[in-house]
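Peer 1: Take this structure first; my questions come after.
Just so you know, all these numbers are worked out from the coordinates, no wet-lab data involved. Source: prediction; values computed, not measured. Cβ placement follows ideal geometry from the backbone for every residue including glycine, while neighbour counts extend to all protein chains displayed.
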Amino acid sequence: MTQTTGAGTPRSPFLAEVKDAVTPRATLLVTGVVVLHLLFIASYVGALHDPKPKDVPFGVVAPQAAAQQAVTRLQNLPGDPLDPRALPDPATARAQILNREIDGALLIDPTATTDTLLLATGGGKALASVLENLLTTLERSEARTLRTVDVAPADPHDANGLTSFYVTVGWSVGGYLCASIMTISSGAHRPTPRRSVIRLIAMALVALVGGLGGALIVGPILGALPGSIAALWGTGALIIFAVGAATLAFQAIFGLAGIGLMILIVVILGNPSAGGALPPPLLPPFWRDIGPALPPGAGTWATRSIAYFKGNDVTGSLLVLSVWAAAGIAITLLAATLRGREPRTQ
């Protein structure tokens, strides 16, 4: 039986069912999901499909004349894979690798036919493998051989050096999921200042528990990652809280769409640029540039530094995470305060 509108125009029962089943709000949300999944594909494939080294910080140790010749030769390689600099001695090269100032170093012995490559698989096995293959090819072209020394080796149970990345992803996902659940479970209730403070406190408690749990799982339980449990716990708690506080801030401003924005930042942009599967020197320029400023990239760098580099060079990453946390707190409370001043409608 055909329905009629108020003006007497027939309306198809099927079209009426479609309008009831797919509301304008649902259409908008589905459109957003489609856009997000296409961005997901573009970001991950764009970042990871064609790894090429670019300006990898690299040291050269040799007598003065030989060092300058080697630096010039490495600077002129096609595609600029290395950013070489002369170093005074092997001890300086080792120290700079452990301080994460360079990713490798070539020790040239003019009196012999064998040179030594220093690298650190703890910083990412993919990058170490690229450096080893590149330098082996160069040495063979000059009828020389290469001996490799791993200054900061990845743990035998840390396959491909990815545990730091995976635990960071877990902490990040826990942060935005917990914050999202706290907001969604309250329905349409406005985020008042008091309610926002309570959520931030709850988020801090979740961060402490989740940070400790993650550190224990990758450390004593699975033995997948070395390093201080206390340092990993603190880093994990900061990652969870930074992502959670930022999620609360986005939700306070944009409502449900804030969850999508956080997924865009953390999952779509943050994960492929984090330096997990491919360390930063192997990523294309866009992802290499944004990675250190996003929670997954900052978290992965800090976690690797704690595990394999004696906690060196974590200050910048911890500052990035702290800024995300502080900005999340400030924006969440400010948005709740401003919304609380809006006139209520009867």
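Peer 1: Express as a percent, rounded to the nearest 5, the fraction of DSSP beta bridges in the chain (both residues included) that run antiparallel.
Peer 2: 25 percent
Peer 1: Something else: Arrange the following residues from fewest to most other Cβ atoms within 10 Å of their Cβ: V61, V33.
Peer 2: V33, V61
Peer 1: Scan the chain and note any complete DSSP helix (H) whose C-alpha atoms cover at least 30 Å along its axis and whose Kyte-Doolittle average is 0.0 or more. If you can, show how the numbers build up before the last one.
Peer 2: On the way: long enough: 24-48 (36 Å, 1.72); 163-184 (31 Å, 1.15); 193-216 (35 Å, 1.34); 229-254 (37 Å, 1.90); 315-340 (37 Å, 1.57).
TM-like helix candidates: 24-48, 163-184, 193-216, 229-254, 315-340.
Peer 1: Decide, for the stretch 46-95, between rounded, prolate and oblate: order the square roots of the alpha carbon gyration tensor eigenvalues as a ≥ b ≥ c, take rounded if a/c falls under 1.5, and otherwise choose prolate if a/b is larger than b/c, else oblate.
Peer 2: Values: a/c = 4.99, a/b = 1.82, b/c = 2.75.
The shape class here is oblate.
Peer 1: Once both labels are modelled 7 Å past Cα along the beta-carbon direction, what's the I201-R25 spacing in nm?
Peer 2: Between I201 and R25, the simple spin-label model gives 3.1 nm.
Peer 1: Still on this structure, I have one more. Is the stretch 282-341 rounded, prolate or oblate when judged by the Cα gyration tensor, a ≥ b ≥ c being the square roots of its eigenvalues, rounded requiring a/c under 1.5 and prolate requiring a/b larger than b/c? Numbers along the way, then the final one.
Peer 2: On the way: a/c = 4.56, a/b = 1.97, b/c = 2.31.
It comes out oblate by the Cα gyration axes.
Peer 1: What shape does the stretch 56-150 take by its C-alpha gyration tensor, where a ≥ b ≥ c are the square roots of the eigenvalues and a/c under 1.5 counts as rounded, a/b above b/c as prolate, and the rest as oblate? Mind dumping the intermediate values first?
Peer 2: Values: a/c = 1.33, a/b = 1.18, b/c = 1.13.
Since a/c stays below 1.5, the shape of the stretch 56-150 is classed as rounded.
Peer 1: Around F58, which amide H atoms from residues at least 5 apart in sequence, or from another chain, sit under 5 Å from its own amide H, with H modelled in the peptide plane?
Peer 2: For F58, the qualifying residues are D83, R85, D103.
Peer 1: Put +1 on the Cβ of each Lys and Arg and -1 on the Cβ of each Asp and Glu in the chain; which of T92, G79, A335 then has its Cα farthest toward the positive end of the dipole?
Peer 2: A335
Peer 1: Answer with a single label: of (i) 25.9, 100; (ii) 20.7, 68; (iii) 20.2, 65, which was calculated as Rg and Dmax of the Cα atoms in Å from the structure in view?
Peer 2: Here Rg and Dmax of the Cα atoms in Å agrees with entry (i).
Peer 1: Once you compute Rg and the Kirkwood Rh from C-alpha atoms, what is the Rg to Rh ratio for the stretch 159-340?
Peer 2: Radius of gyration relative to Kirkwood radius: 0.99.
Peer 1: Compute, for the stretch 159-340, the length of the dipole vector about the Cα centre, with Cβ point charges of +1 (Lys, Arg) and -1 (Asp, Glu) only. Units Debye, rounded to 20.
Peer 2: The dipole of the stretch 159-340 has a size of about 420 debye.
Peer 1: May I ask for the distance between the Cα centers of the stretch 271-346 and the stretch 30-75, given as a whole number of Å?
Peer 2: Measuring centre to centre over Cα atoms gives 21 Å.
Peer 1: Calculate the FRET efficiency for S228 and F286 from the Cβ-Cβ distance with a Förster distance of 35 Å, rounded to the nearest 0.05.
Peer 2: 0.55
Peer 1: I would also like to ask the following. Just grab the label-to-label distance for V35 and D55, each label 7 Å out from Cα along the Cβ direction, in nm (one decimal).
Peer 2: With each label placed 7 Å out from Cα toward Cβ, I get 3.2 nm.
Peer 1: Charges only on Cβ, +1 for Lys and Arg, -1 for Asp and Glu: so what's the dipole of the chain about the Cα centre, in debye to the nearest 20? Provide the component values of the computation, followed by the final result.
Peer 2: Working: 23 positive and 20 negative charges, 305 e Å.
With only Lys, Arg, Asp and Glu charged at Cβ, the dipole is about 1460 debye.
Peer 1: Suppose we keep just the DSSP beta bridges with both residues in the stretch 66-150; what percent of those would be antiparallel, to 5?
Peer 2: 40 percent
Peer 1: I've got another one for you. Using the Cα centre of the chain as origin and beta-carbon charges of +1 (Lys, Arg) and -1 (Asp, Glu), tell me which of M262, Q69, A26 is placed farthest towards the positive end of the dipole.
Peer 2: So the residue we want is A26.
Peer 1: Determine the gain in length on full extension of the stretch E142-I221; use 0.36 nm per residue of separation and subtract their C-alpha separation, reporting nm with one decimal.
Peer 2: Roughly 23.6 nm would be gained on extension.
Peer 1: Taking GluC sites (Glu not before Pro) as exposed when DSSP calls them loop (any state but H, G, I, E, B) and at most 16 other Cβ atoms lie within 10 Å, what is the longest stretch of the chain free of them, the sites themselves excluded?
Peer 2: 143-346
Peer 1: If you don't mind, another one. Given Cβ point charges of +1 (Lys, Arg) and -1 (Asp, Glu) and nothing else, what value in debye, to the nearest 20, does the dipole of the stretch 47-105 about its Cα centre take?
Peer 2: Dipole about the Cα centre, nearest 20: 80 debye.
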